[in-house]
Amino acid sequence: MTRELGDVIPAPGEVRPDAAAFFTLDAGTAISAAPGTEHVAAYLADVLRPATGFDLPVGDNGAITLSLDAGLAAEAYRLEIATGGVRLTAGASAGLFNAVQTLRQLLPAEIYTGTPQQVAWTLPGGTIVDAPRFGYRGAMLDVARHFFTVAEVKAFIDAIVQFKINHLHLHLTDDQGWRIEIDAWPKLTAISGGDGTGVDGVGPGFYTKADYTEIVEYAAARFVTIVPEIDMPGHVNAAQVAYPELTADGVAPPQRTDVEVGYSSLVAGKDETYAFVADVLREVAALTPGPYVHIGGDEAQATTAEDYRTFIERVLPLVTAYGKSPIGWHEMATVDLPPSAVTQYWRIEAADDGTARAAATGGKVLMSPADRTYLDMKYTEDSPLGLDWAGVLGVEKAYGWDPAERLPGVGEESLLGVEAPLWSETLRSLDDVLTMTFPRLPAIAEIGWSPRETRDWESFRRRLAAFGPRWQHQSVAYHPSPEIAWPT
Ligand code: ACM
(Lines give C-alpha, C1' and ligand atoms only; values in the text may rest on other atoms or scores of the structure.)
Protein backbone atom coordinates (compact mmCIF):
# COMPACT_ATOMS: atom_id res chain seq x y z
CA MET A 1 0.00 0.00 0.00
CA THR A 2 1.43 3.37 -0.97
CA ARG A 3 1.39 5.88 1.84
CA GLU A 4 0.00 9.39 1.60
CA LEU A 5 2.62 12.09 1.22
CA GLY A 6 1.76 13.86 4.47
CA ASP A 7 1.75 10.65 6.50
CA VAL A 8 4.84 11.66 8.47
CA ILE A 9 5.77 12.41 12.12
CA PRO A 10 6.65 15.16 12.86
CA ALA A 11 4.09 16.73 10.51
CA PRO A 12 5.94 18.54 7.69
CA GLY A 13 5.47 22.25 7.18
CA GLU A 14 4.27 22.05 3.60
CA VAL A 15 2.96 19.00 1.72
CA ARG A 16 2.01 19.18 -1.97
CA PRO A 17 0.89 15.75 -3.21
CA ASP A 18 1.02 14.90 -6.91
CA ALA A 19 -1.49 12.11 -7.34
CA ALA A 20 -0.24 11.35 -10.85
CA ALA A 21 3.32 10.66 -9.73
CA PHE A 22 5.05 7.93 -7.74
CA PHE A 23 8.52 6.42 -7.60
CA THR A 24 9.33 2.76 -7.03
CA LEU A 25 12.78 1.65 -5.89
CA ASP A 26 14.10 -1.43 -7.69
CA ALA A 27 17.26 -3.46 -8.05
CA GLY A 28 18.62 -0.91 -10.51
CA THR A 29 18.10 2.17 -8.34
CA ALA A 30 21.25 4.16 -7.59
CA ILE A 31 21.95 7.17 -5.38
CA SER A 32 23.65 10.28 -6.68
CA ALA A 33 25.52 12.30 -4.04
CA ALA A 34 26.59 15.88 -4.79
CA PRO A 35 29.81 17.00 -3.10
CA GLY A 36 29.25 17.36 0.64
CA THR A 37 26.34 14.93 0.73
CA GLU A 38 28.26 11.64 0.61
CA HIS A 39 27.88 10.89 4.31
CA VAL A 40 24.08 11.14 4.29
CA ALA A 41 23.89 9.31 0.94
CA ALA A 42 25.82 6.42 2.49
CA TYR A 43 23.47 6.47 5.50
CA LEU A 44 20.45 6.41 3.17
CA ALA A 45 21.83 3.41 1.32
CA ASP A 46 22.62 1.71 4.65
CA VAL A 47 19.07 2.08 5.96
CA LEU A 48 17.41 1.01 2.69
CA ARG A 49 19.59 -2.01 1.82
CA PRO A 50 18.62 -4.58 4.48
CA ALA A 51 14.88 -4.66 3.72
CA THR A 52 15.08 -4.08 -0.03
CA GLY A 53 18.06 -6.33 -0.68
CA PHE A 54 19.08 -3.84 -3.40
CA ASP A 55 22.70 -2.71 -3.97
CA LEU A 56 21.78 0.99 -4.06
CA PRO A 57 25.26 2.12 -5.14
CA VAL A 58 26.24 5.67 -4.19
CA GLY A 59 27.99 7.68 -6.90
CA ASP A 60 27.40 10.64 -9.15
CA ASN A 61 24.60 9.14 -11.17
CA GLY A 62 21.27 7.81 -9.93
CA ALA A 63 17.53 8.34 -9.73
CA ILE A 64 17.76 9.39 -6.07
CA THR A 65 19.80 12.58 -5.81
CA LEU A 66 21.12 14.42 -2.77
CA SER A 67 22.32 18.00 -3.02
CA LEU A 68 22.81 21.14 -0.96
CA ASP A 69 21.08 24.47 -1.46
CA ALA A 70 22.54 27.43 0.40
CA GLY A 71 19.12 29.09 0.20
CA LEU A 72 17.74 26.67 2.78
CA ALA A 73 18.47 26.70 6.53
CA ALA A 74 20.83 23.98 7.76
CA GLU A 75 18.11 21.68 9.08
CA ALA A 76 15.51 22.52 6.43
CA TYR A 77 14.92 20.29 3.42
CA ARG A 78 12.92 19.73 0.28
CA LEU A 79 11.87 16.24 -0.79
CA GLU A 80 10.59 15.93 -4.34
CA ILE A 81 9.19 12.61 -5.49
CA ALA A 82 8.48 12.36 -9.21
CA THR A 83 7.98 9.41 -11.52
CA GLY A 84 11.48 9.87 -12.91
CA GLY A 85 13.28 10.12 -9.58
CA VAL A 86 13.56 11.45 -6.06
CA ARG A 87 15.37 14.63 -5.12
CA LEU A 88 16.54 15.47 -1.58
CA THR A 89 17.79 19.03 -1.11
CA ALA A 90 18.82 20.75 2.11
CA GLY A 91 20.77 23.64 3.52
CA ALA A 92 23.31 21.27 5.10
CA SER A 93 23.84 17.57 5.81
CA ALA A 94 21.61 17.80 8.90
CA GLY A 95 18.69 18.78 6.68
CA LEU A 96 19.41 15.94 4.27
CA PHE A 97 19.38 13.55 7.21
CA ASN A 98 15.94 14.91 8.13
CA ALA A 99 14.81 14.38 4.54
CA VAL A 100 16.01 10.77 4.73
CA GLN A 101 13.89 10.15 7.84
CA THR A 102 10.85 11.52 6.02
CA LEU A 103 11.59 9.37 2.98
CA ARG A 104 11.84 6.23 5.15
CA GLN A 105 8.42 6.95 6.66
CA LEU A 106 6.90 7.26 3.17
CA LEU A 107 7.97 3.73 2.23
CA PRO A 108 6.03 0.61 3.28
CA ALA A 109 6.58 -0.27 6.97
CA GLU A 110 8.64 -3.32 5.98
CA ILE A 111 11.49 -0.93 5.07
CA TYR A 112 12.48 -1.11 8.76
CA THR A 113 13.07 -4.88 8.70
CA GLY A 114 16.58 -6.32 8.79
CA THR A 115 16.17 -8.87 6.01
CA PRO A 116 14.99 -8.64 2.36
CA GLN A 117 11.21 -8.47 1.90
CA GLN A 118 9.15 -8.94 -1.26
CA VAL A 119 7.41 -5.56 -1.26
CA ALA A 120 6.76 -2.90 -3.91
CA TRP A 121 8.95 -0.09 -2.56
CA THR A 122 6.76 2.74 -3.82
CA LEU A 123 6.91 6.34 -2.67
CA PRO A 124 3.92 8.68 -3.15
CA GLY A 125 4.49 11.58 -5.58
CA GLY A 126 4.75 15.25 -4.71
CA THR A 127 6.85 17.74 -2.79
CA ILE A 128 7.50 18.29 0.91
CA VAL A 129 9.11 21.54 2.06
CA ASP A 130 10.00 21.33 5.72
CA ALA A 131 11.90 23.11 8.49
CA PRO A 132 11.93 22.87 12.28
CA ARG A 133 10.09 25.20 14.64
CA PHE A 134 12.88 24.86 17.25
CA GLY A 135 16.58 24.10 16.87
CA TYR A 136 16.70 21.99 20.03
CA ARG A 137 14.50 18.89 20.03
CA GLY A 138 15.74 16.61 22.75
CA ALA A 139 15.41 13.45 24.74
CA MET A 140 17.15 12.71 28.05
CA LEU A 141 18.28 9.35 29.32
CA ASP A 142 19.13 8.84 33.01
CA VAL A 143 22.11 6.48 32.98
CA ALA A 144 22.84 7.13 36.68
CA ARG A 145 19.87 5.44 38.38
CA HIS A 146 20.29 2.57 35.93
CA PHE A 147 23.27 2.30 33.62
CA PHE A 148 22.73 1.68 29.91
CA THR A 149 25.56 0.33 27.78
CA VAL A 150 27.08 2.00 24.74
CA ALA A 151 25.19 -0.45 22.52
CA GLU A 152 21.91 0.36 24.27
CA VAL A 153 22.46 4.11 23.90
CA LYS A 154 23.25 3.64 20.19
CA ALA A 155 20.01 1.70 19.75
CA PHE A 156 18.14 4.49 21.53
CA ILE A 157 19.74 7.07 19.23
CA ASP A 158 18.74 5.09 16.14
CA ALA A 159 15.15 4.97 17.40
CA ILE A 160 14.84 8.68 18.31
CA VAL A 161 16.45 10.17 15.19
CA GLN A 162 13.54 8.81 13.17
CA PHE A 163 11.51 11.64 14.70
CA LYS A 164 14.12 14.33 14.00
CA ILE A 165 15.25 14.48 17.63
CA ASN A 166 18.64 16.20 17.49
CA HIS A 167 19.86 16.41 21.11
CA LEU A 168 20.45 13.60 23.60
CA HIS A 169 20.97 14.74 27.18
CA LEU A 170 22.76 12.11 29.27
CA HIS A 171 22.12 12.38 33.03
CA LEU A 172 25.53 10.93 33.94
CA THR A 173 25.67 11.35 37.73
CA ASP A 174 23.29 11.11 40.64
CA ASP A 175 23.05 9.84 44.22
CA GLN A 176 23.00 6.20 43.12
CA GLY A 177 25.86 6.15 40.61
CA TRP A 178 28.62 8.02 38.75
CA ARG A 179 28.85 6.95 35.09
CA ILE A 180 31.62 8.96 33.42
CA GLU A 181 35.32 8.35 33.90
CA ILE A 182 37.21 11.36 35.28
CA ASP A 183 41.01 10.97 35.20
CA ALA A 184 41.67 13.35 38.08
CA TRP A 185 39.14 11.61 40.35
CA PRO A 186 39.31 7.91 39.39
CA LYS A 187 37.38 6.58 42.39
CA LEU A 188 34.19 8.21 41.08
CA THR A 189 33.74 5.38 38.65
CA ALA A 190 35.94 2.77 40.35
CA ILE A 191 33.66 2.90 43.39
CA SER A 192 30.42 4.55 42.30
CA GLY A 193 30.23 3.03 38.83
CA GLY A 194 30.82 -0.48 40.09
CA ASP A 195 28.81 -3.44 41.30
CA GLY A 196 25.92 -2.64 43.58
CA THR A 197 25.34 0.86 42.19
CA GLY A 198 22.10 2.11 40.69
CA VAL A 199 18.59 1.89 42.12
CA ASP A 200 18.21 -1.41 43.99
CA GLY A 201 21.92 -1.97 43.30
CA VAL A 202 21.17 -3.55 39.92
CA GLY A 203 22.36 -0.92 37.44
CA PRO A 204 26.18 -0.98 37.54
CA GLY A 205 28.54 0.36 34.90
CA PHE A 206 30.20 3.49 33.60
CA TYR A 207 31.52 4.95 30.38
CA THR A 208 35.26 5.09 29.90
CA LYS A 209 36.36 8.17 28.02
CA ALA A 210 36.62 5.99 24.91
CA ASP A 211 33.05 4.73 25.46
CA TYR A 212 31.70 8.25 25.85
CA THR A 213 33.55 9.38 22.73
CA GLU A 214 32.08 6.42 20.86
CA ILE A 215 28.59 7.60 21.82
CA VAL A 216 29.39 11.22 20.90
CA GLU A 217 30.67 10.17 17.47
CA TYR A 218 27.79 7.78 16.79
CA ALA A 219 25.36 10.54 17.71
CA ALA A 220 27.20 13.15 15.63
CA ALA A 221 27.07 10.90 12.57
CA ARG A 222 23.27 11.06 13.03
CA PHE A 223 23.25 14.83 13.69
CA VAL A 224 22.55 14.38 17.39
CA THR A 225 24.37 16.59 19.90
CA ILE A 226 25.21 14.93 23.20
CA VAL A 227 24.49 17.12 26.25
CA PRO A 228 26.33 15.72 29.30
CA GLU A 229 24.90 16.45 32.75
CA ILE A 230 26.88 16.49 35.98
CA ASP A 231 24.17 17.08 38.58
CA MET A 232 25.18 19.38 41.47
CA PRO A 233 25.20 20.70 44.15
CA GLY A 234 22.55 18.07 45.09
CA HIS A 235 22.28 14.52 43.77
CA VAL A 236 25.94 13.89 44.66
CA ASN A 237 25.89 11.00 47.14
CA ALA A 238 27.78 8.73 44.73
CA ALA A 239 30.60 11.29 44.46
CA GLN A 240 30.74 11.66 48.25
CA VAL A 241 30.88 7.89 48.76
CA ALA A 242 33.97 7.84 46.53
CA TYR A 243 35.52 11.03 47.97
CA PRO A 244 34.55 11.79 51.58
CA GLU A 245 36.43 15.12 51.40
CA LEU A 246 33.43 16.36 49.41
CA THR A 247 31.23 16.16 52.52
CA ALA A 248 31.00 18.75 55.32
CA ASP A 249 32.48 16.46 57.98
CA GLY A 250 34.83 14.46 55.73
CA VAL A 251 33.05 11.22 56.55
CA ALA A 252 31.87 9.01 53.68
CA PRO A 253 28.08 8.59 53.62
CA PRO A 254 26.61 5.16 53.03
CA GLN A 255 26.07 4.14 49.43
CA ARG A 256 22.45 4.73 48.43
CA THR A 257 20.34 2.60 46.12
CA ASP A 258 16.89 3.93 47.10
CA VAL A 259 14.93 6.56 45.18
CA GLU A 260 14.90 9.41 47.72
CA VAL A 261 16.02 12.85 46.50
CA GLY A 262 17.18 16.06 48.13
CA TYR A 263 19.49 14.72 50.86
CA SER A 264 23.02 15.19 49.48
CA SER A 265 24.94 18.38 48.79
CA LEU A 266 28.38 19.55 47.84
CA VAL A 267 29.78 22.03 50.34
CA ALA A 268 29.65 25.59 49.02
CA GLY A 269 32.28 26.88 51.44
CA LYS A 270 35.02 24.30 50.83
CA ASP A 271 37.91 24.70 48.37
CA GLU A 272 37.94 20.96 47.62
CA THR A 273 34.46 21.37 46.17
CA TYR A 274 35.62 23.74 43.44
CA ALA A 275 38.81 21.80 42.71
CA PHE A 276 36.58 18.78 42.13
CA VAL A 277 33.98 20.63 40.07
CA ALA A 278 36.64 22.34 37.94
CA ASP A 279 38.37 19.05 37.12
CA VAL A 280 35.11 17.31 36.28
CA LEU A 281 33.78 20.13 34.11
CA ARG A 282 37.12 20.57 32.34
CA GLU A 283 37.36 16.88 31.46
CA VAL A 284 33.70 16.57 30.44
CA ALA A 285 33.90 19.75 28.32
CA ALA A 286 37.05 18.46 26.63
CA LEU A 287 35.28 15.21 25.70
CA THR A 288 32.18 16.97 24.39
CA PRO A 289 32.18 18.72 21.00
CA GLY A 290 28.64 20.07 21.46
CA PRO A 291 28.05 23.57 22.83
CA TYR A 292 26.40 22.62 26.15
CA VAL A 293 27.34 21.22 29.53
CA HIS A 294 24.43 20.66 31.93
CA ILE A 295 25.17 21.33 35.60
CA GLY A 296 21.91 20.01 37.08
CA GLY A 297 21.03 22.34 39.94
CA ASP A 298 17.70 20.64 40.74
CA GLU A 299 16.25 19.57 44.05
CA ALA A 300 19.10 20.94 46.18
CA GLN A 301 17.01 20.72 49.35
CA ALA A 302 20.10 19.88 51.40
CA THR A 303 21.81 23.12 50.32
CA THR A 304 20.80 26.44 51.93
CA ALA A 305 19.55 29.13 49.54
CA GLU A 306 22.66 31.20 50.26
CA ASP A 307 25.02 28.26 49.67
CA TYR A 308 23.14 27.37 46.49
CA ARG A 309 23.68 30.86 45.14
CA THR A 310 27.37 30.86 46.16
CA PHE A 311 27.87 27.50 44.51
CA ILE A 312 26.07 28.23 41.24
CA GLU A 313 27.75 31.64 40.94
CA ARG A 314 31.18 29.98 41.21
CA VAL A 315 30.37 27.10 38.88
CA LEU A 316 28.72 28.96 35.99
CA PRO A 317 31.96 30.80 35.03
CA LEU A 318 33.82 27.48 35.02
CA VAL A 319 31.49 26.14 32.32
CA THR A 320 31.96 29.23 30.18
CA ALA A 321 35.72 29.21 30.82
CA TYR A 322 35.86 25.70 29.35
CA GLY A 323 34.09 27.00 26.26
CA LYS A 324 30.58 25.70 26.89
CA SER A 325 27.14 27.17 27.50
CA PRO A 326 25.69 26.03 30.82
CA ILE A 327 22.28 24.39 31.00
CA GLY A 328 20.64 23.91 34.37
CA TRP A 329 17.26 22.79 35.68
CA HIS A 330 15.03 25.79 36.38
CA GLU A 331 16.08 26.13 40.04
CA MET A 332 19.34 27.55 38.66
CA ALA A 333 17.44 30.61 37.40
CA THR A 334 17.09 31.89 40.98
CA VAL A 335 20.67 33.10 40.38
CA ASP A 336 21.63 35.84 37.90
CA LEU A 337 22.70 33.91 34.81
CA PRO A 338 25.22 34.71 32.07
CA PRO A 339 23.62 35.33 28.66
CA SER A 340 24.69 31.95 27.32
CA ALA A 341 22.95 29.99 30.10
CA VAL A 342 19.91 27.88 29.28
CA THR A 343 17.18 27.21 31.84
CA GLN A 344 15.45 23.83 31.60
CA TYR A 345 11.95 24.22 33.00
CA TRP A 346 10.51 21.04 34.52
CA ARG A 347 7.81 22.25 36.92
CA ILE A 348 4.32 20.76 37.04
CA GLU A 349 2.42 23.92 37.98
CA ALA A 350 2.80 27.23 36.17
CA ALA A 351 4.78 28.75 39.03
CA ASP A 352 8.18 30.21 38.38
CA ASP A 353 11.56 30.04 40.05
CA GLY A 354 13.10 32.82 37.99
CA THR A 355 12.73 31.27 34.55
CA ALA A 356 10.68 34.21 33.22
CA ARG A 357 13.17 36.64 34.76
CA ALA A 358 16.02 34.84 32.95
CA ALA A 359 13.99 34.95 29.73
CA ALA A 360 13.34 38.68 30.16
CA THR A 361 17.09 39.32 30.06
CA GLY A 362 17.52 37.25 26.88
CA GLY A 363 18.17 33.84 28.42
CA LYS A 364 16.92 30.82 26.51
CA VAL A 365 14.54 28.27 27.98
CA LEU A 366 14.26 24.57 27.28
CA MET A 367 10.74 23.30 28.01
CA SER A 368 10.39 19.98 29.84
CA PRO A 369 7.31 20.33 32.05
CA ALA A 370 7.13 17.05 33.95
CA ASP A 371 3.38 16.60 33.54
CA ARG A 372 3.69 16.71 29.71
CA THR A 373 7.19 15.55 28.79
CA TYR A 374 8.52 13.20 31.49
CA LEU A 375 8.68 9.85 29.76
CA ASP A 376 9.07 8.04 33.08
CA MET A 377 5.55 8.99 34.16
CA LYS A 378 3.17 6.06 33.97
CA TYR A 379 0.83 5.96 30.97
CA THR A 380 -2.03 5.05 33.32
CA GLU A 381 -2.21 4.03 36.97
CA ASP A 382 -1.90 0.42 35.79
CA SER A 383 1.44 0.89 33.99
CA PRO A 384 3.97 -1.61 35.38
CA LEU A 385 6.87 0.80 34.76
CA GLY A 386 7.33 4.39 35.78
CA LEU A 387 6.37 6.84 38.51
CA ASP A 388 3.33 9.08 38.89
CA TRP A 389 4.36 12.08 41.03
CA ALA A 390 3.68 14.42 38.07
CA GLY A 391 0.47 12.56 37.19
CA VAL A 392 -0.10 9.87 34.62
CA LEU A 393 0.84 10.82 31.08
CA GLY A 394 -1.12 9.41 28.18
CA VAL A 395 -0.28 10.11 24.55
CA GLU A 396 -2.98 12.75 24.01
CA LYS A 397 -1.82 14.62 27.12
CA ALA A 398 1.80 14.53 25.91
CA TYR A 399 0.63 15.96 22.58
CA GLY A 400 -1.92 18.51 23.81
CA TRP A 401 0.10 21.46 25.05
CA ASP A 402 2.29 24.17 23.63
CA PRO A 403 5.70 25.25 24.95
CA ALA A 404 5.09 28.92 24.09
CA GLU A 405 1.97 28.97 26.27
CA ARG A 406 3.27 27.09 29.25
CA LEU A 407 4.80 29.86 31.29
CA PRO A 408 3.84 33.56 31.36
CA GLY A 409 6.80 35.61 30.17
CA VAL A 410 8.35 32.71 28.24
CA GLY A 411 7.09 32.96 24.67
CA GLU A 412 8.23 31.59 21.33
CA GLU A 413 11.26 33.89 21.07
CA SER A 414 12.60 32.75 24.47
CA LEU A 415 12.44 29.07 23.68
CA LEU A 416 15.49 27.08 22.69
CA GLY A 417 13.22 24.08 22.26
CA VAL A 418 11.67 21.09 24.00
CA GLU A 419 13.10 17.99 25.65
CA ALA A 420 11.51 14.80 26.94
CA PRO A 421 13.46 13.43 29.94
CA LEU A 422 13.42 9.74 30.85
CA TRP A 423 14.44 8.97 34.45
CA SER A 424 15.39 5.37 35.09
CA GLU A 425 14.48 4.53 38.69
CA THR A 426 12.05 1.82 37.54
CA LEU A 427 13.76 0.83 34.30
CA ARG A 428 15.94 -2.25 33.96
CA SER A 429 16.49 -2.82 30.24
CA LEU A 430 16.55 -1.17 26.82
CA ASP A 431 13.06 -2.57 26.22
CA ASP A 432 11.88 -0.75 29.35
CA VAL A 433 13.43 2.47 28.01
CA LEU A 434 11.78 2.08 24.61
CA THR A 435 8.41 1.12 26.10
CA MET A 436 8.30 4.39 28.04
CA THR A 437 9.64 6.40 25.10
CA PHE A 438 7.28 5.19 22.41
CA PRO A 439 4.73 6.33 21.48
CA ARG A 440 5.09 9.51 23.59
CA LEU A 441 8.39 10.89 22.29
CA PRO A 442 6.89 11.34 18.79
CA ALA A 443 4.31 13.69 20.39
CA ILE A 444 7.06 15.84 21.88
CA ALA A 445 9.03 15.64 18.61
CA GLU A 446 6.06 16.98 16.67
CA ILE A 447 5.59 19.83 19.17
CA GLY A 448 9.27 20.71 18.74
CA TRP A 449 9.39 20.45 14.97
CA SER A 450 6.05 21.15 13.32
CA PRO A 451 4.37 24.53 12.74
CA ARG A 452 1.79 25.13 15.44
CA GLU A 453 -1.03 25.36 12.91
CA THR A 454 -0.47 21.73 11.87
CA ARG A 455 -1.13 20.45 15.41
CA ASP A 456 -4.14 18.15 15.31
CA TRP A 457 -4.68 15.23 17.66
CA GLU A 458 -6.86 13.18 15.29
CA SER A 459 -4.31 13.56 12.51
CA PHE A 460 -1.43 12.72 14.85
CA ARG A 461 -3.25 9.72 16.25
CA ARG A 462 -3.84 8.36 12.75
CA ARG A 463 -0.24 8.95 11.65
CA LEU A 464 1.08 7.44 14.88
CA ALA A 465 -0.87 4.21 14.36
CA ALA A 466 1.31 3.45 11.34
CA PHE A 467 4.35 3.22 13.62
CA GLY A 468 3.10 0.06 15.31
CA PRO A 469 4.27 -2.12 12.41
CA ARG A 470 7.35 0.02 11.89
CA TRP A 471 8.46 -0.53 15.50
CA GLN A 472 7.65 -4.22 15.27
CA HIS A 473 9.74 -4.56 12.11
CA GLN A 474 12.77 -3.00 13.79
CA SER A 475 12.21 -4.72 17.17
CA VAL A 476 11.67 -1.42 18.98
CA ALA A 477 9.50 -2.02 22.05
CA TYR A 478 6.56 0.37 22.48
CA HIS A 479 3.49 0.72 24.66
CA PRO A 480 0.40 -0.26 22.63
CA SER A 481 -1.64 2.56 24.13
CA PRO A 482 -5.40 2.08 23.69
CA GLU A 483 -5.56 5.77 22.73
CA ILE A 484 -4.23 4.75 19.31
CA ALA A 485 -6.08 2.59 16.75
CA TRP A 486 -3.12 0.35 15.93
CA PRO A 487 -3.47 -1.69 12.75
CA THR A 488 -4.37 -5.29 13.49
C1 ACM B 1 14.09 16.81 38.02
O2 ACM B 1 13.10 16.18 37.65
N3 ACM B 1 14.53 16.69 39.27
C4 ACM B 1 14.80 17.68 37.14
- Query: For the stretch 339-381, how many residues are part of a helix (DSSP H, G or I) and either away from the ligand (no atom under 12 Å from the Cβ) or not aliphatic (A, V, I, L, M) (or both)?
  - Reply: 9
- Query: (1) within 24 Å of residue 421 (Cβ to Cβ); (2) part of a helix (DSSP H, G or I): which one isn't true of residue 276, the others all being true?
  - Reply: (1)
- Message: I need the full set of residues from the stretch 284-321 which are under 20 Å from residue 219 (Cβ atoms), away from the ligand (no atom under 14 Å from the Cβ) and of a type outside the set (A, V, I, L, M, F, W, C), in order please.
- Response: 288, 289, 290, 291, 292
- Note on the structure: When the stretch 64-80 is checked residue by residue, the ones that are crowded, with 21+ Cβ neighbours inside 10 Å and hydroxyl-bearing (Ser, Thr, Tyr) are 77
- Message: The conditions are (1) surrounded by 24 or more Cβ atoms within 10 Å (Cβ to Cβ); (2) under 30 Å from residue 106 (Cα atoms); (3) not basic (Lys, Arg), and residue 174 fails exactly one of them. Which is it?
- Response: (2)
- Take the stretch 243-260 and flag every residue that is under 30 Å from residue 159 (Cα atoms) and either modelled with pLDDT under 95 or surrounded by 15 or more Cβ atoms within 10 Å (Cβ to Cβ) (or both). 257
- Message: For residue 330, only one of the following conditions fails: (1) over 26 Å from residue 419 (Cα atoms); (2) touching a strand residue (DSSP E or B) at 6+ places or on another chain (Cβ under 7 Å). What is its number?
- Response: (1)
- Item | Any chance residue 17 is surrounded by 15 or more Cβ atoms within 10 Å (Cβ to Cβ), touching an Asp or Glu at 6+ places or on another chain (Cβ under 6 Å) and of a type outside the set (Gly, Ala, Ser) | no
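Residue-by-condition table, conditions (1) in contact with a Ser or Thr (Cβ under 8 Å, 6 or more places away or on another chain); (2) closer than 30 Å to residue 97 by Cβ:
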site	(1), (2)
235	yes, no
241	yes, no
251	no, no
273	no, no
295	no, yes
306	no, no
315	no, no
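Tell me the residue from 56, 88 that is buried (at least 20 other Cβ atoms within 10 Å of the Cβ), over 21 Å from residue 131 (Cβ atoms) and touching a helix residue (DSSP H, G or I) at 6+ places or on another chain (Cβ under 7 Å), please.
56
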- Query: Given the conditions (1) out of contact with any Ser or Thr (no Cβ under 9 Å at 6 or more places or on another chain); (2) within 15 Å of the ligand (Cβ to nearest atom), which single one is not true for residue 387?
  - Reply: (1)
- Query: Among all residue pairs at least 6 apart or on different chains, which show Cβ distances below 8 Å where the first residue, located in the stretch 120-149, is under 14 Å from residue 174 (Cα atoms) and at pLDDT 95 or above and the second is surrounded by fewer than 24 Cβ atoms within 10 Å (Cβ to Cβ) and of a type in the set (Lys, Arg)?
  - Reply: 146/428
- Query: Name the pairs: first residue in the stretch 244-266 and over 16 Å from residue 177 (Cβ atoms), second residue among the aromatic types (Phe, Trp, Tyr), Cβ to Cβ under 9 Å, at least 6 apart or on different chains?
  - Reply: 245/276; 265/308; 265/311; 266/276; 266/311
- Message: If I go through the stretch 289-299 residue by residue, how many of them are under 24 Å from residue 331 (Cβ atoms) and surrounded by fewer than 21 Cβ atoms within 10 Å (Cβ to Cβ)?
- Response: 4
- Task: Considering only the stretch 202-242, state which residues are out of contact with any Asp or Glu (no Cβ under 6 Å at 6 or more places or on another chain), surrounded by fewer than 17 Cβ atoms within 10 Å (Cβ to Cβ) and in a loop (DSSP other than H, G, I, E, B).
- Result: 202, 221
- Task: With the condition kept exactly as written, say whether any residue in the stretch 190-200 is of a type in the set (Val, Ile, Thr), in a helix (DSSP H, G or I) and over 22 Å from residue 377 (Cα atoms).
- Result: yes
- Item | Within the stretch 325-338, considering residues that are away from the ligand (no atom under 14 Å from the Cβ) and not acidic (Asp, Glu), the one farthest from residue 282 (Cα to Cα) | 334
- Message: Please go through the stretch 382-413 and give me each residue that is buried (at least 18 other Cβ atoms within 10 Å of the Cβ) and in a strand (DSSP E or B), ordered by number.
- Response: 407, 410
- Item | Evaluation of residue 396 against (1) among the charged types (D, E, K, R); (2) within 16 Å of the ligand (Cβ to nearest atom); (3) over 20 Å from residue 292 (Cβ atoms) (one fails), failing number | (2)
- Query: Considering only the stretch 118-165, how many residues are of a type in the set (S, T, N, Q) and part of a loop (DSSP other than H, G, I, E, B)?
  - Reply: 2
- Item | Residues (of a type in the set (Ser, Thr, Tyr) and touching a residue at least 40 places away in the same chain (Cβ under 8 Å)) located in the stretch 417-465 | 424, 426, 435, 437, 450, 454, 459
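The values are calculated or read from the model by the stated rules, or taken from the named source; none is laboratory data. Quantities reported herein were computed from a predicted structural model and do not represent experimental measurements. Please note: Cβ atoms are built from the backbone with ideal geometry, for glycine as well, and neighbour counts cover all protein chains shown.
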